[in-house]
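To start, the structure itself, in structure tokens.
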Amino acid sequence: MPLPLIYHEDYSPDFPPEHRFPMDKFRLLHDHLVDSNVVRSADLLRPALCPPAILALAHAPDYIERYLAGELSRDDQRRLGLPWSEAVARRTVRAVGGSILAAEQALQHGMACHLAGGTHHAHYDHPAGFCIFNDLAVISRYFLECGRVGRVLIFDCDVHQGDGTARILKDTPDAITVSLHCESNFPARKANSDWDIALPRGMGDVAYLQVVEQALDYLLPLYQPDLVLYDAGVDVHQDDALGYLKLTDAGVAARDETVLRRCLVRGIPIMAVIGGGYSKDRQALARRHGILHHTAKKVWENQ
């Protein structure tokens with residue numbers, strides 16, 4: 001069977017083209033993966049909307065209601081940095097459904113990748129940094145509470161710390177939060193993950209990959225998780241507008257292959273989300289995000 005990949009046409013609603021958040025990157029990523037023969041559009045799995053009751057496993061019910069009704073406070077709108085519309089709200093809820101579906105597919109088949117997700121700055125009762133609902137926290141709570149897994153490990157390689165994930169899950173001992181991020185970067189006030197690996201600016205491929213390998217070789221046998229949630233942010237790239245770790249395309253591909261193979265060789269199901277990536281050149285950004293899916297397909301076909 002083909003590698004399970006999850007996508008929905010809702011992911012790129014109409015959006016101000018000059019906005020800093022590249023909302024069209026999800027559609028462009030889809031087109032890139034189809035054009036480069038990673039997947040046929042008909043083979044992509046389309047997720048349902050995430051029910052509010054599942055969102056409420058990680059978020060305050062009144063916050064969910066306020067956001068869906070377009071009634072966020074001015075402070076929350078400022079922290080979020082995204083305009084509200086019914087289409088953006090539907091896209092937000094659909095994308096959490098996509099991450100849940102990717103986790104289900106990973107548990108069933110060993111590996112799956114989402115063409116969105118990684119909204120790790122969203123907090124229990126407020127948004128932040130372009131993130132509204134925290135898919136990594138929702139998945140963790142959902143699969144733990146329904147008994148599908150006994151332990152989840154979140155391996156977050158976005159260049160920014162997964163502060164929302166760490167704070168939401170701080171009292172969930174069976175959800176292990178690991179954040180490899182650039183130390184001098186957003187958010188200014190860091191949270192306390194279970195494992196924070198703060199990296200210096202300008203690190204480059206070789207030193208970065210060594211840290212990734214060492215972290216995985218220590219943490220996977222230590223925790224023996226039943227599921228790994230991998231945030232494959234490409235804002236670590238040397239051409240990213242908001243990242244400072246200076247990885248090349250080859251470095252990003254090597255990182256993704258290392259994470260995927262380390263999990264599969266141990267028999268640990270892994271799902272991957274695309275995380276952060278920012279560039280005015282949206283086509284280049286889509287190709288950069290696509291490194292994950294190209295690499296995952298190669299790993300999948302050579303198990």
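We did not get these values from a lab; they are worked out from the coordinates using the rules stated. Being a predicted model, the structure only gives us computed values, none of them experimental. Every residue, glycine among them, receives a Cβ derived from its backbone with ideal geometry; neighbour counts consider all protein chains shown.
Here are some notes:
- Remark: Phe21, Phe130, Phe143 ranked as Phe21, Phe130, Phe143, counting other beta-carbon atoms within 10 Å and listing the fewest first.
- For Met111, nonlocal amide neighbours, meaning residues 5 or more places apart or on other chains whose placed amide H falls under 5 Å from its own, are Ile270.
- Estimated FRET transfer efficiency (Cys146, Tyr218; beta-carbon r; R0 30 Å; 0.05): 0.55
- In plain terms, the chain from Tyr124 to Ala60 could stretch by 22.5 nm, reckoned as 0.36 nm per residue minus the Cα-Cα distance.
- Taking Arg66, Arg46, Arg288 and counting other C-beta atoms within 10 Å, the order from fewest to most: Arg46, Arg66, Arg288
- Tensor-based shape of the stretch 1-157 (alpha-carbon gyration tensor, a/c under 1.5 rounded, otherwise prolate or oblate): oblate
- Its convex hull of Cα atoms gives the stretch 163-303 a direction-averaged projected area, equal to a quarter of the hull surface, of 8.3 nm².
- Among Gly162, Met23, Ala95 the positive-end extreme of the charge dipole of the stretch 5-301 (Cβ point charges): Met23
- Computing FRET efficiency as 1/(1 + (r/R0)^6) for Leu45 and Asn192, where r is the C-beta to C-beta distance and R0 is 30 Å, gives about 0.30.
- Normalised alpha carbon radius of gyration of the chain [divisor 2.2 N^0.38 Å]: 0.90
- Fraction of antiparallel bridges per DSSP, the chain only, in percent to nearest 5: 5 percent
- For the chain, the longest piece that avoids every one of the GluC sites (Glu not before Pro) found in DSSP loops with at most 14 other C-beta atoms within 10 Å covers 184-303.
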